[in-house]
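Peer 1: Pasting a structure here, questions to come.
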Amino acid sequence: MGMMKEFKDFAMKGNVVDLAVGVIIGAAFGKIVSSLVDDVITPLILKPALEAANLTRLEDFTVLGTVKIGLFISAVLNFIIIAFVLFLLIKGINRMKKKEEAAPAAPPAPSTSEKLLMEIRDELKKKG
């Protein structure tokens with residue numbers, strides 16, 4: 001039973017659960033980006049190029065009849081969009097961290113010996 005407990009402790013660590021959630025969200029986000037490229041960008045922006053090549057889908061664009069350059073272009077567009085969104089996300093997180101770090105900490109209260117020395121200093125100023 002020791003091995004099962006050890007596995008449960010490992011699987012329930014915060015980092016493992018966070019990673020699993022990140023992978024699931026990443027997969028869903030990948031589908032959204034693929035749909036954006038296939039259903040929005042390709043018809044709107046690449047349609048003139050596809051029509052010039054007598055094609056209806058980007059995936060049908062081939063070179064020498066076998067090299068599927070259209071699939072490669074689609075994958076590159078997916079990567080660029082995902083990389084840009086991640087860049088914006090990281091930039092926002094870093095901006096929030098800088099705001100947290102920028103808040104100055106309150107100076108520590110003087111110790112009892114420092115308070116006593118300040119009182120002595122003030123008394124000497126009054127006399128002198």
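Peer 1: Has segment 37-49 got at least one residue that is surrounded by 12 or more Cβ atoms within 10 Å (Cβ to Cβ) and touching a residue at least 40 places away in the same chain (Cβ under 8 Å)?
Peer 2: The answer is yes; a qualifying residue exists.
Matching residues to (1) among the basic types (Lys, Arg); (2) outside any helix (DSSP H, G or I); (3) touching a helix residue (DSSP H, G or I) at 6+ places or on another chain (Cβ under 8 Å); (4) touching a residue at least 40 places away in the same chain (Cβ under 8 Å):
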{"site": "Lys5", "(1), (2), (3), (4)": "yes, no, no, no"}
{"site": "Asp9", "(1), (2), (3), (4)": "no, no, no, no"}
{"site": "Val16", "(1), (2), (3), (4)": "no, no, yes, no"}
{"site": "Val21", "(1), (2), (3), (4)": "no, no, no, no"}
{"site": "Ile32", "(1), (2), (3), (4)": "no, no, no, no"}
{"site": "Ser35", "(1), (2), (3), (4)": "no, no, no, no"}
{"site": "Glu51", "(1), (2), (3), (4)": "no, no, no, no"}
{"site": "Asn54", "(1), (2), (3), (4)": "no, yes, no, no"}
{"site": "Val76", "(1), (2), (3), (4)": "no, no, no, no"}
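Every number in this text was worked out from the coordinates using simple rules, so none of it is lab data. Every value quoted in this text rests on a predicted model; they were computed, and no experiment measured them. Note that we place each Cβ from the backbone using ideal geometry, even for glycine, and neighbour counts take in every protein chain shown.
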